[in-house]
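See below for the structure under consideration.
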Amino acid sequence: MPTIIPKNPLFDGNNSEEKIFNLLKKLPNDCIVCHELEVQGRRPDFIVFSPRLGILIIEVKGWNITTIIDGDQNEINIRNKYEHLGESKSTKHPIRQANNYLYLLRHTLLKHSLSKEITNPDTDRYKARLVFPLAITIAFTNITKQQLNNHQIQQSTARIPDTNTLYKDELDILNNQDISGMALEQKLKRFFNPSWQFSLSDRQKAIIRSILSHEPISAVEPISAVEPISAVLLSLSLLLSLSLLLSLSLLLSLSLLLSLSLPLSLSLPLSLKSAMPWILY
């Protein structure tokens with residue numbers, strides 16, 4: 001199971017977010033799943049970090065297809081479930097909402113005091129790029145792909161791209177099947193566009209977790225942590241040193257034996273020498 005931040009997230013009856021959380025718990029152990037962590041005063045539903053994919057922001061919507069009325073690229077008009085507040089209300093378009101979170105998170109990562117360790121050193125400092133990609137997706141827990149595609153909103157400027165959407169039918173399949181963490185990760189890979197291969201050190205992973213969790217890096221990175229390659233080199237160095245010490249000790253012992261044997265051999269009569277062949281002449 002991935003690292004969960006906070007350890008015991010509260011959903012306050014939000015079944016849609018809990019459904020997504022239960023799915024994300026299937027991700028590999030080295031992933032991080034953050035629920036409603038603050039990012040510059042905002043709280044994205046989920047921030048998912050994968051050392052192989054990057055960071056994915058998930059905006060969860062528990063709307064039914066009848067909830068959506070119309071809208072544009074900035075706002076969506078939805079039916080209000082509380083009649084005394086009016087028949088409908090406007091809410092920020094979920095794609096715009098998620099993109100705002102992405103912008104704030106990228107800004108947070110780039111402006112952090114340790115940002116140089118997680119950005120591309122070859123780029124201009126005014127155009128710094130993170131070494132890993134960021135992406136967004138909208139998770140509709142109660143709307144199928146067919147329902148949304150048949151809705152009039154998909155023929156308007158408020159269209160929600162399929163490339164950024166997780167639908168109810170897909171979520172139900174993923175939640176109900178015994179899918180491995182790596183297989184689920186591959187399902188989420190389609191939301192990363194652009195995407196690229198990258199490799200993160202333990203130090204870089206600790207920095208990312210520290211930024212996401214608002215914890216000091218010392219709290220998430222073991223003080224005695226050593227990179228795997230460094231650990232191997234250190235072990236080889238210790239073995240070599242021990243081997244040299246043993247060899248030196250053996251040479252000293254032989255030298256001492258020779259120094260003791262030589263005077264003795266010179267002083268013995270020939271008859272005793274032939275009777276004591278172990279002495280070095």
Over segment 3-224, relative contact order from alpha-carbon pairs under 8 Å, at least 6 apart, %: 22 percent
Filtered hits (lysines, Cα-Cα < 30 Å from Lys187, offset >= 8 within chain) -> Lys7, Lys19, Lys25, Lys26, Lys61, Lys92, Lys145, Lys168, Lys205
Enumerate the whole-percent occupancy of each 10 Å bin, from 0 to the last occupied one, for all C-alpha pair distances of segment 51-182. 11, 33, 27, 20, 8, 0
Phi to ³J(HN,Hα) by Karplus 6.51 cos²θ - 1.76 cosθ + 1.60 over segment 130-145, Hz, x for Gly, Pro: 5, 6, 10, x, 10, 8, 10, 8, 10, 9, 9, 7, 10, 10, 7, 4
Based on alpha-carbon centroids, what's the gap between segment 58-110 and segment 6-45 in Å, whole number please? 18 Å
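By its C-alpha gyration tensor, with a ≥ b ≥ c as the square roots of the eigenvalues, how is segment 3-224 shaped: rounded for a/c under 1.5, else prolate for a/b larger than b/c, else oblate? Write out the running numbers ahead of the final one.
Details: a/c = 1.84, a/b = 1.63, b/c = 1.13.
Here segment 3-224 falls in the prolate category.
Where a number appears in this text, it was derived from the coordinates with a stated rule and is not lab data. Nothing here was measured: the structure is a model prediction, and the numbers come from that model.
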